[in-house]
Amino acid sequence: MASVKALVQSQDLKSLPSDYAHFKDSQKSIVAGPEVSLPVIDFSLLSSTNPDERAKVIEDLGKACEEWGFFMVVNHGIPENLINSLFNVCNEFFDMPEEEKLKFETTNPLYPVMVRSGSTIHDKSNQTVLFWRDYLRFFVHPEFYCPDKPQDFRDLISEYSQRTRDLACKLLQGISQSLGMEEDYIQKAMDLDHGTQIFAANYYPPCPQPELAIGIPPHTDHGLLTFLLQNGVGGLEIQHEGQWFHVNALPNSIFVNTADQLEVLSNGKYKSVWHRAVVNNEKTRITLVVPNGPSPDTIVTPAAPLLREAPAAYGPMKYMEYVNVQRVTRLHEKPLLDRLKLH
Ligand code: OGA
Ligand code: NI
């Protein structure tokens, strides 16, 4: 299938091709939510030697997870030039000829490298709808994959993956403590030394009728914590207290959201947050997304120390099985996470 990028470049599109019409009439179309300010977590304080400062940031982190499931991390220590280079190299990747990009696809079901455009969803009437985006996605841990073009891609991804893995581990240490558990509880229980990490780049070209299209429909992520960077162009919306809100990033910050396995692990205290990507008709939007999860073989259950206070609210499931079942779950089906709920 041609990429959305190629579609946009091949003709002067005045209206949205019907395959991409997520909303059939503009009455039911996407209305961009109001903008909201997210909690901000100063990452550097997590390694503060001042116990009060550290206790405060852990409390803030717990609150951000419980009340929002979405926050911005500042002072994360990931160099700005690494991030800029990553955006450049991903842009170069999407600029390569279609045939060239598709060469990097692998079919290994456990660790695929996927280069796709307009992934399909099936709506309630089982119609196929395409997303207004192209994407590249591959596993970077525990096994490392990466296309070997453009030049420098591997090195940049390797460094970014290492740094974001450290960031995830440290945030999860703080999150463990915010739940009243040992600092390394999540690290051990989720076998983070072999944790699953994915790198994904989403490319959303300008869209002729953005209100009828969707970049990514509402979903929750499957891992523990997801990191997201955007190229200065907004489009991310999150659900908060039943309403959709547009979120924008502070300079040099990283978006972090809680995902399904953290909801299970925290026995429902830190809910996995629903979010979606809307598109616009002016600028290309690129996002770099890194989902961090347990090791593929970890059987995820609510954390034992939390079960002294309340019975388990979720059944167990092996993480890789979860990922595979979720991949084929259709939009109108009950979300997999809900199927694990015990009450
Ligand atoms: C995702 C995602 C949102 C965005 O890739 O899981 O939610 O704004 N992306 O690209
Ligand atoms: Ni997501």
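The values are calculated or read from the model by the stated rules, or taken from the named source; none is laboratory data. Predicted model, so just to flag it, every value in this text is computed and none were measured. When we count neighbours, we look across all protein chains shown, and the Cβ atoms used for this are built from the backbone with ideal geometry, even at glycine.
Quick grid of which residues meet (1) assigned to a helix (DSSP H, G or I); (2) in contact with a Phe, Trp or Tyr (Cβ under 6 Å, 6 or more places away or on another chain):
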| residue | (1), (2) |
| --- | --- |
| W132 | no, yes |
| F138 | no, yes |
| D155 | yes, no |
| S158 | yes, no |
| T164 | yes, yes |
| C169 | yes, no |
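From the list I198, I214, exactly one residue is in a loop (DSSP other than H, G, I, E, B), crowded, with 21+ Cβ neighbours inside 10 Å and out of contact with any helix residue (DSSP H, G or I) (no Cβ under 6 Å at 6 or more places or on another chain). Which is it? I'd like the intermediate steps shown before the answer.
Values: I198 fails: in a loop (DSSP other than H, G, I, E, B).
Exactly one residue qualifies, and that residue is I214.
Out of the residues in the stretch 313-343 that are touching a strand residue (DSSP E or B) at 6+ places or on another chain (Cβ under 7 Å) and in a helix (DSSP H, G or I), which is surrounded by the most Cβ atoms within 10 Å (Cβ to Cβ)?
Among those residues, the one meeting the criterion is Y319.
Results for (1) within 22 Å of F70 (Cα to Cα); (2) among the polar types (S, T, N, Q), shown as yes or no for each residue.
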| residue | (1), (2) |
| --- | --- |
| E282 | no, no |
| G293 | yes, no |
| E309 | no, no |
| A312 | no, no |
| Q326 | yes, yes |
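Going by what's in this entry, would G223 be described as part of a loop (DSSP other than H, G, I, E, B) and touching a strand residue (DSSP E or B) at 6+ places or on another chain (Cβ under 8 Å)? Can you show your working first?
Values: part of a loop (DSSP other than H, G, I, E, B): yes; touching a strand residue (DSSP E or B) at 6+ places or on another chain (Cβ under 8 Å): yes.
Criteria met by G223.
Tally time: how many residues in the stretch 235-273 are out of contact with any Ser or Thr (no Cβ under 9 Å at 6 or more places or on another chain), within 12 Å of ligand 1 (Cβ to nearest atom) and within 22 Å of L130 (Cβ to Cβ)?
So the answer is 1.
Hey, any hits in the stretch 300-312 for a residue that's without any contact (Cβ under 8 Å) to a residue 60 or more places away in the chain and either within 16 Å of ligand 2 (Cβ to nearest atom) or part of a strand (DSSP E or B) (or both)?
Checking the stretch 300-312: not a single residue is without any contact (Cβ under 8 Å) to a residue 60 or more places away in the chain and either within 16 Å of ligand 2 (Cβ to nearest atom) or part of a strand (DSSP E or B) (or both).
What number of residues in the stretch 230-262 are part of a strand (DSSP E or B), more than 13 Å from ligand 2 (Cβ to nearest atom) and more than 27 Å from K24 (Cβ to Cβ)? Spell out the reasoning first.
Looking only at the stretch 230-262, we keep the residues that are part of a strand (DSSP E or B), and these are 230, 236-240, 243-247, 254-258.
Checking which are more than 13 Å from ligand 2 (Cβ to nearest atom) leaves us with 240, 243-246, 254.
Narrowing the set further to residues that are more than 27 Å from K24 (Cβ to Cβ) leaves 240, 254.
The qualifying residues number 2.
Specify the residue that is surrounded by the fewest Cβ atoms within 10 Å (Cβ to Cβ); the eligible residues are those in the stretch 280-306 that are under 23 Å from L171 (Cβ atoms) and out of contact with any strand residue (DSSP E or B) (no Cβ under 8 Å at 6 or more places or on another chain).
Kept after step one, since they are under 23 Å from L171 (Cβ atoms), are these residues of the stretch 280-306: 287-306.
Next, only the ones that are out of contact with any strand residue (DSSP E or B) (no Cβ under 8 Å at 6 or more places or on another chain) stay: 303-306.
Numbers: A303: 21, A304: 11, P305: 15, L306: 19.
Here the answer is A304.
Please list, ordered by first then second residue, the pairs with beta carbon atoms under 6 Å, 6 or more apart or interchain, first in the stretch 246-257 and under 13 Å from T287 (Cα atoms), second within 16 Å of ligand 2 (Cβ to nearest atom) and in a loop (DSSP other than H, G, I, E, B).
Hits for this filter: N248/G234.
Can you tell me which residues in the stretch 79-88 are surrounded by fewer than 20 Cβ atoms within 10 Å (Cβ to Cβ) and either closer than 18 Å to P205 by Cβ or in contact (Cβ under 8 Å) with a residue 24 or more places away in the chain (or both)?
First, pick out the residues of the stretch 79-88 that are surrounded by fewer than 20 Cβ atoms within 10 Å (Cβ to Cβ): 79-85, 87-88.
Selection gives E80, L82, I83, S85, F87, N88.
Residues checked against (1) at pLDDT 95 or above; (2) over 21 Å from K271 (Cβ atoms); (3) within 14 Å of ligand 1 (Cβ to nearest atom); (4) of a type outside the set (D, E, K, R):
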position	(1), (2), (3), (4)
D193	yes, yes, no, no
A201	yes, yes, yes, yes
I216	no, no, yes, yes
H219	no, no, yes, yes
G223	yes, no, yes, yes
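Just checking, how many residues over the stretch 263-299 are farther than 20 Å from F227 by Cβ, within 16 Å of ligand 2 (Cβ to nearest atom) and not aliphatic (A, V, I, L, M)?
0
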